[in-house]
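Below you'll find the structure, written out as structure tokens, and then a few comments.
Just so it is clear, none of the values below were taken in a lab; they were calculated from the coordinates. Since the model is a prediction, treat every value here as computed from it, not as a measurement. Neighbour counts run over all protein chains shown; Cβ positions are idealised from the backbone, glycine included.
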Amino acid sequence: MSTTFDLSIVNEIIDSLGCKPSAIIAILQGVQERCRYLPEEIFPYLSEKLGVSEASIYSVATFYENFSLEPKGKYVIKICDGTACHVRKSIPILEKLRKELKLTEKKSTTDDLMFTVETVSCLGACGLAPVITVNDKVYPAMTPDKAELLLQELREETKDA
Amino acid sequence: MDKEYMIIDGIPVEINGEKNLLELIRKVGIKLPTFCYHSELSIYGACRMCMVENKRGELEAACSTPPRAGMEIRTNVERLRRYRKMILELLLANHCRDCTTCGNNGKCKLQDLAMKFNMSDVRFPNGVTEPEIDNSSPCITRDQNRCILCGDCVRVCNEIQGVGAIDFAHRGAKMKVSTAFDRPIANSPCVGCGQCAAVCPTGAIVVKNDVDAVWKALDDRTTSVTVQVAPAVRVAIGKEFGLPAGENAIGRIVAALRRMNFDRIYDTSTGADLTVLEESEELLERLADEKSTMPMFTSCCPAWVNYCEKSHPELLPHISTCRSPMQMLASVIKEQKDQPDKKRVHVAVMPCTAKKFEASRSEFVKDGTPNVDYVITTQELIQMIKESGIVFSELEPEAMDLPLGVNTGAGVIFGVTGGVTEAVLRRLYAEKSMAGLFAITYKDVRGLEGVKKATIKIGEKELNIAIVSGLKNASELVKQMKSGEEHFDFIEVMACPGGCINGAGQPYVSFSEVAVRGKGLYSADKLSTIKRSEENPLMVELYGGTLKGRVHELLHVEYASENAK
């Protein structure tokens, strides 16, 4: 466990939401927004602050699919696999991205922490199917080839930065 | 007020403030099956075994429905029986069914109900592959695959003990009881009190079993095996062999142990006498010194000591430096140099699972071996008696061995919450008549309430005393103390509600029966010739001999911080 994690982020979030057990989900959401995942270090700290056992916070964090205990990439790519996107061939896009990034169903984040690829069950944009999102930006009517181009663009973007 | 009635299976039943239908149904003699209901815990309503049918044909969970006047319910109709059987079938489909080799064989609720409902077939394929065992704790063993997710362990750990080592993690089919980040239980806040194992209806959490190692030592002719038996064991064992609940069976225990080849049999209450003398001395010293750390907490309970180490390290200076009675007696036993040609093994029979951890602590290892080699629980002793074929109820009671078998009533009541305090007060009270004894008894130190408070005058000083059992109660009291709301001089803490008589190593009974065990100990005290620890003739002998100049070395301890979080 790295000890370098800056707990002041957590303090800011707690200050804005209130230091009470009922705020736990909002606090975890806040942390995840800032860190893109829930670092293990925050658990003992929150436990102490909120008077809730670490096991109970872990319980909340594992109950919701949206919380991640693993670090996620800078770009989180979500491939919609709802019914509409599925029938319009979302899976080949997923397979293409995984192949390009050397990812699997179990390993969803690249080692350089740049990309995370995961599926999601319907983004509610069925008219634009098949849809993928990168962080919160929506890319409609995707194909495996377009996805590959998008990856290249994103890679360029990081090089420039 | 007029009496209120409801109808259960066609029979009018008076409602008498029962908090739910289940309590009322059980009161009228119907044993409705449950997995997740314990009267001391919050209501969870997960197992659905206690469903009943109301007048309109709707189903209600009896555990989470309050009784109302005029209500009519049926507890045993065709569809309820079918549903209950279905629940069992689904649980069994996802449960490893190797009952004969399970640690909870014969004590399992799932096994018991499967038998009662005549489960002849499970139609679904068995979804369990490999056992998932966590063996990291010296006190308990967990097997995820025997878990039925009733949540009893989670609630006892959170609500009664306030430890919070475990909770549910994940959801749906992946849901399981887990520590934070699925760490081994030994690396969690767990203090080994074992109350989770006591309430677990299946074999998902069981107490570690050390019986084989003890048999091995007993079979070895080059080894001399001494044993000490804790006070609470004697009032919990008899019922298992058909004797009345709460009956003091120490004489029979001694007889059984002797037949099993134990060389010397001693009583942990002798160690308790030493504890009384040392602890009251320490209390007086702390009271006399204005710079000392006050209040003083008792140190007999290993789960409490470990709880402080893990969750309240700032309290450690408040804990008495006295070793627990088990460890005091063990270090005195180690000094006995009879039978020098033999290897020596010391076994302790305890009502407690946390004692297994205490025995393994480095502070209590001397000359390369632990002072207590093995701790076995009351349940393990019962197993040994059954294994050896001894008919316990037919044994003639026998007496402890010399030289260390002399004990007092003060030591015996250590097994019940308030007992340590009462014994220490007997020592400190100047008035040594019978009336003096009664005066202490009536000062609110007896009874199984989780928190008791008393003010007692010792010499010129008024002592504020608190007696707590259940770790949640202890942490609440600590909070009040820290906020300055309450002030105490002496606080007795026992981790298990009601004290050692309700330890997790004892056969599991309802809390009302735990009270019967407490009565058993108090009547053992009444029967004892010597009531005060300082009047135990053995004490004079020990302090003049073995302990001379070595009191601190043999009877006190400073806990290293290795077990702190």
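Which angle between 0 and 90 degrees, to the nearest 10, do you get for helix B:419-428 versus the longest principal axis of chain B when only C-alpha atoms count?
20
State, to one decimal in nm, how far the label point of residue B:259 lies from the label point of residue B:551, with both points 7 Å from Cα in the Cβ direction.
If labels sit at residue B:259 and residue B:551, their model points lie 4.3 nm apart.
Give me the percent of DSSP beta bridges within the range B:212-563 that run antiparallel, rounded to the nearest 5. Walk me through the numbers on the way to the answer.
Numbers: 11 of 34 bridges.
Among the beta bridges of the range B:212-563, antiparallel pairing accounts for roughly 30 percent.
Only loop residues by DSSP count here, and only those with at most 11 other Cβ atoms within 10 Å; note down the GluC sites (Glu not before Pro) in the range A:97-130 that meet that.
Values: sites: A:100, A:105, A:118; in loops: A:105.
Of the GluC sites (Glu not before Pro), the ones in loops of the range A:97-130 whose Cβ has at most 11 other Cβ atoms within 10 Å are A:105.
With a cut-off of at most 14 other beta carbons within 10 Å, and DSSP calling the residue loop, which chymotrypsin sites (Phe, Trp or Tyr not before Pro) in the range A:61-137 qualify? Please list them.
Listed in order of number, the matching sites are A:64.
Short version: ³J(HN,Hα) in whole Hz for each residue of the range B:167-182, in order, from phi by Karplus 6.51 cos²θ - 1.76 cosθ + 1.60 (θ = phi - 60°), x for Gly and Pro, what are they?
Whole-Hz 3J(HN,Hα) from phi for the range B:167-182: 7, 6, 10, 6, 8, x, 5, 8, 4, 7, 7, 8, 7, 4, 6, 6.
Can you sort B:64, B:510, B:137 by how many other beta carbons sit within 10 Å, fewest first?
Values: B:64 15, B:510 11, B:137 24.
With the fewest neighbours first, B:64, B:510, B:137 line up as B:510, B:64, B:137.
Find the centroid of the Cα atoms in the range A:130-161 and in the range B:169-206, then give the distance between the two in whole Å.
Measuring centre to centre over Cα atoms gives 44 Å.
Give me the angle, in degrees from 0 to 90, between the Cα long axis of helix A:91-101 and the longest principal axis of the Cα atoms of chain A, rounded to the nearest 10.
Helix A:91-101 sits roughly 70 degrees off the main axis of chain A.
Amide H to amide H, which residues 5 or more places from residue B:205 or on other chains are under 5 Å from it, using H placed in the peptide plane?
B:143
Between residue B:76 and residue A:87, what FRET efficiency comes out of the Förster formula 1/(1 + (r/R0)^6) with R0 = 51 Å and r the beta carbon distance, rounded to 0.05?
Values: r = 51 Å, r/R0 = 1.00.
E between residue A:87 and residue B:76, to the nearest 0.05, is 0.50.
Looking at the range B:164-218, which trypsin sites (Lys or Arg not before Pro) are DSSP coil and have at most 13 other C-beta atoms within 10 Å of their C-beta?
On the way: sites: B:171, B:174, B:176, B:208, B:216; in loops: B:171, B:208.
Qualifying residues, ordered by number: B:171.
Among DSSP bridges having both ends in the protein assembly as shown, what percentage is antiparallel? Round to the nearest 5.
Values: 36 of 67 bridges.
Here the share of antiparallel DSSP bridges comes out near 55 percent.
Cα gyration tensor of the range A:8-63, axes a ≥ b ≥ c as square roots of the eigenvalues: rounded (a/c below 1.5), prolate (a/b > b/c) or oblate?
Verdict is rounded for the range A:8-63.
For helix B:511-527, what angle does its Cα long axis make with the longest principal axis of chain B, in degrees from 0 to 90 and rounded to 10?
30
Which percentage, to the nearest 5, of the DSSP beta bridges contained in the range B:4-76 is antiparallel? All intermediate terms of the calculation are to be shown ahead of the outcome.
On the way: 10 of 12 bridges.
About 85 percent, rounded to the nearest 5.
Taking 0.36 nm per residue of separation and subtracting the Cα-Cα distance, what length does fully extending residue B:487 through residue B:396 add? Numbers along the way, then the final one.
Values: separation 91, 0.36 × 91 = 32.76 nm, distance 4.96 nm.
Full extension of this stretch gives 27.8 nm more.
Between residue B:85 and residue B:42, take the C-beta separation as r, use R0 = 25 Å, and let me know the FRET efficiency to the nearest 0.05. Before the final figure, lay out the partial values.
On the way: r = 27 Å, r/R0 = 1.10.
Here the calculated transfer efficiency is 0.35.
Place a label point 7 angstrom from the Cα of residue B:479 along the Cα-to-Cβ direction, then list the residues of the range A:12-35 whose backbone nitrogen is under 15 Å away.
Counting backbone N atoms under 15 Å from the label point, the list is A:20-22.
If you stretched the chain out fully between residue B:173 and residue B:338, how much longer would it get, using 0.36 nm times the residue separation minus the C-alpha to C-alpha distance?
Details: separation 165, 0.36 × 165 = 59.40 nm, distance 5.99 nm.
Result: 53.4 nm gained on full extension.
Hey, what number do you get for the protein assembly as shown at 222 nm if only DSSP H runs of n ≥ 4 count, each worth -39500 (n - 2.57), divided across all residues, to the nearest 500? Mind showing how you got there, number by number?
On the way: 26 runs with 255 residues, N = 726.
That comes out to -10000 deg cm²/dmol.
Please compute the average number of Cβ atoms from other chains found within 10 Å of each residue's Cβ in peptide A:46-59.
Other-chain Cβ atoms within 10 Å of each residue's Cβ, averaged: 6.
Would you mind counting up the charge near residue B:321? Only other residues with Cβ under 10 Å from its Cβ, with Lys and Arg at +1 and Asp and Glu at -1. Before the final figure, lay out each step's value.
On the way: positive: B:323; negative: B:278, B:279, B:282, B:558.
Around residue B:321, the charge tally is -3.
Give the peptides B:289-300, B:485-496 in descending order of average Cβ contacts within 10 Å, highest first.
On the way: B:289-300: 17.4, B:485-496: 23.2.
Result, highest mean Cβ count within 10 Å first: B:485-496, B:289-300.
Could you give the distance between the Cα centres of the range B:1-47 and the range B:71-138, to the whole Å?
Their Cα centres are 23 Å away from one another.
Which lysines have a Cα less than 21 Å from the Cα of residue A:89, not counting those fewer than 8 places away in the same chain?
Leaving aside lysines fewer than 8 places away in the same chain, those within reach of residue A:89 are A:78, A:99, A:102, A:137, A:146.
Considering every residue in B:181-194, what mean count of other chain Cβ atoms within 10 Å of its Cβ is obtained? Walk me through the numbers before you get to the answer.
Numbers: counts 9, 3, 3, 0, 0, 0, 0, 3, 4, 1, 0, 0, 0, 0.
Shielding by partners across B:181-194 averages 2.
In a shell of Cβ-Cβ distance under 15 Å around residue B:292, excluding residue B:292 itself, what net charge do Lys and Arg (+1) and Asp and Glu (-1) give? Mind showing how you got there, number by number?
Details: positive: B:286, B:291, B:461; negative: B:279, B:281, B:282, B:285, B:289, B:290, B:489.
Net of charged neighbours comes to -4.
In straight Cα distance, which lysines are under 21 Å from residue B:457, not counting same-chain residues fewer than 8 positions off?
Output for residue B:457: B:432, B:443, B:531.
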